[in-house]
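> My questions all concern the structure below.
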Amino acid sequence: MVKKQLINNAMKEYDLVIIGSGPAGYTAAFEAVKNKMKTALIERDLSRLGGVCLSEGCIPLKGLLYHAKCGGDYTAIRDMVMKRVEQIRAGLKSRISSQGIELIQGEAAFISPREIRVSGETIAARFFLVASGSRPKRLFDAGNVFTSEKIFDMDPVPASVLLIGGGVIGCEYASFLASVGVRVEIAEVLDSLLYGEDEEAVRTLGREFKKKGIVVYEKTRVTDIGPGNEVVMMEGDREIRGAYDMIFETTGRVPGTAGLGLEQAGVGVSGKGFITVNGAMLTSAENIYAAGDCIDSPMLAYTAYKEAETAVAHMCGVHHEPVDYASMPRLVFSSPQVGSVGPAESSLKKQDAAHTVYKYFFRALGKAVMEGHDAGFVKLIESKESGRIIGASAVGDEIADIMNQLALIVGSGMTASDIRKRMFVHPSYSEIILDALHYGKQ
């Protein structure tokens with residue numbers, strides 16, 4: 001009995017323990033210390049502090065895309081980007097330390113709803129948040145088929161690449177690889193690239209890809225990959241054969257929930273491996289929450305931020321509005337970029353929802369023409385019933401900030417009339433929103 005008491009006294013205990021140091025994990029940690037919670041953040045590999053977002057996703061891949069626009073050598077661009085990634089990682093680590101968050105390296109697994117084991121040590125907490133992220137989906141688990149990490153370690157740079165999958169990752173990879181001189185082909189099993197996004201925007205992206213020499217096979221399935229990178233594809237009944245220096249699988253990501261001992265904690269998981277949560281990010285265990293890529297929501301850093309904030313607020317008994325996924329902006333950092341918020345025009349047509357479309361092209365915008373970024377357009381969708389802007393889409397070279405503004409417009413319920421009353425800076429890219437509503441009625 002005495003021995004048991006001594007063990008319990010030696011056990012580390014916290015208000016909140018977070019598993020995973022990506023955007024959901026570190027955001028939850030910062031929110032927790034604001035609320036005076038004793039917090040620990042667990043990461044299996046501190047060289048990857050910041051998760052996929054900082055290691056190979058949001059930051060470094062977008063860095064490659066940005067710097068490759070100016071041309072240059074792949075190795076020089078890669079090395080510069082990764083050096084800056086390490087600067088960001090060092091800053092994140094310093095911020096974690098300065099706020100009194102304990103950073104623990106190790107593999108975590110639940111042994112009960114209140115305890116986990118990390119590298120042989122038992123840790124207890126009032127609350128846990130699982131933010132274990134995701135990993136690349138594998139349909140072709142072969143040594144000559146690479147996943148997302150490999151783009152930062154290509155030696156030598158291949159002359160030709162096949163990308164299996166034409167979704168977000170595939171389009172971003174294609175844009176970067178083509179910009180550093182690689183011959184790129186994409187095999188997409190669905191009807192188009194970025195299936196589900198605005199059809200006009202996707203067609204514009206396809207035309208720009210074609211100008212860059214990127215070949216896209218739609219409705220095409222890869223049926224065989226040989227040891228010498230010989231690939232067999234089927235486009236309907238037509239067989240396509242090709243050989244490539246390198247093959248990437250860019251078919252998406254799956255939740256990283258294996259090995260966490262979730263069943264020991266009574267945490268429910270879907271058939272696809274996602275942790276099941278309610279609107280407060282609470283799992284089926286009364287003290288365990290989850291956020292980020294490990295739950296079935298859009299795998300985006302900014303959704304992870306908001307989910308983490310929601311979870312910590314609920315732990316602390318603070319009211320927090322549910323995550324508004326409907327007005328969440330979506331952006332593909334391809335070249336050109338493709339973005340949207342709210343319902344697509346095609347879905348409104350299927351629902352027979354009364355709406356008005358406003359569209360304006362960048363080629364009619366002085367700043368875009370002067371700076372050579374005149375491909376694409378912005379489209380806004382107005383509800384005829386309420387007059388509100390309920391959806392928007394865009395395609396163009398630099399539309400990230402425009403998408404943020406469109407998300408504010410859609411999320412706040414602004415009407416077309418509200419916006420027409422405003423004045424926008426001229427010249428600017430975002431004035432295309434105002435121009436669309438004045439001159440772009442379809």
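The values are calculated or read from the model by the stated rules, or taken from the named source; none is laboratory data. Nothing here was measured: the structure is a model prediction, and the numbers come from that model. Every residue, glycine among them, receives a Cβ derived from its backbone with ideal geometry; neighbour counts consider all protein chains shown.
> Give D73, D15 a once-over and let me know the one that is more than 23 Å from C316 (Cβ to Cβ) and either of a type in the set (G, A, S) or outside the structural domain of E172 (by TED's automatic domain parsing) (or both).
Exactly one residue qualifies, and that residue is D73.
> List every residue pair whose Cβ atoms lie under 7 Å apart, where the two residues are 6 or more positions apart in sequence or sit on different chains, the first residue falls within the stretch 418-442 and is among the hydroxyl-bearing types (S, T, Y), and the second residue, located anywhere, is in a helix (DSSP H, G or I).
S428/K367; Y429/K367; Y429/A368; Y429/I402; S430/D401; S430/I402; S430/Q405
> Of all helices (runs of 4 or more DSSP H) completely enclosed by the stretch 1-110, which ones contain at least 1 residues that are surrounded by 22 or more Cβ atoms within 10 Å (Cβ to Cβ)?
Output list reads 23-34, 51-55, 58-68, 74-98.
> Among the candidates G236, G279, G213, single out the residue that is modelled with pLDDT under 95 and of a type outside the set (A, V, I, L, M, F, W, C).
Of the residues listed, the single one that is modelled with pLDDT under 95 and of a type outside the set (A, V, I, L, M, F, W, C) is G236.
> Conditions first: (1) surrounded by fewer than 18 Cβ atoms within 10 Å (Cβ to Cβ); (2) touching a Leu at 6+ places or on another chain (Cβ under 7 Å). V341 passes all but one, so which condition is the exception?
Status for V341: all satisfied but (1).
> Considering only residues that are of a type in the set (K, R) and more than 9 Å from F248 (Cα to Cα), look in the stretch 133-175 and name the one that is farthest from the chain's Cα centre (by Cα).
If we take residues in the stretch 133-175 being of a type in the set (K, R) and more than 9 Å from F248 (Cα to Cα), then R138 is farthest from the chain's Cα centre (by Cα).
> So if I check each of S393, S386, which one is surrounded by fewer than 18 Cβ atoms within 10 Å (Cβ to Cβ), touching a Ser or Thr at 6+ places or on another chain (Cβ under 8 Å) and not hydrophobic (A, V, I, L, M, F, W, C)?
S386 is the lone residue from the list that is surrounded by fewer than 18 Cβ atoms within 10 Å (Cβ to Cβ), touching a Ser or Thr at 6+ places or on another chain (Cβ under 8 Å) and not hydrophobic (A, V, I, L, M, F, W, C).
> Next question. Please find, within the stretch 333-392, the residue that is farthest from G63 (Cα to Cα) out of those that are without any contact (Cβ under 8 Å) to a residue 12 or more places away in the chain and not in a helix (DSSP H, G or I).
D352
> Follow-up. Would the stretch 324-337 turn up any residue that is small (G, A, S) and under 26 Å from S179 (Cα atoms)?
Yes, the stretch 324-337 has at least one match.
> Based on this model, can you work out whether Y302 counts as modelled with pLDDT of 95 or more and assigned to a strand (DSSP E or B)?
No; evaluated as a whole, the condition is false for this residue.
> Now for a different question. So, in the stretch 11-66, exactly how many residues are small (G, A, S) and either over 17 Å from the mean Cα position of the chain (by Cα) or farther than 24 Å from G256 by Cα (or both)?
6
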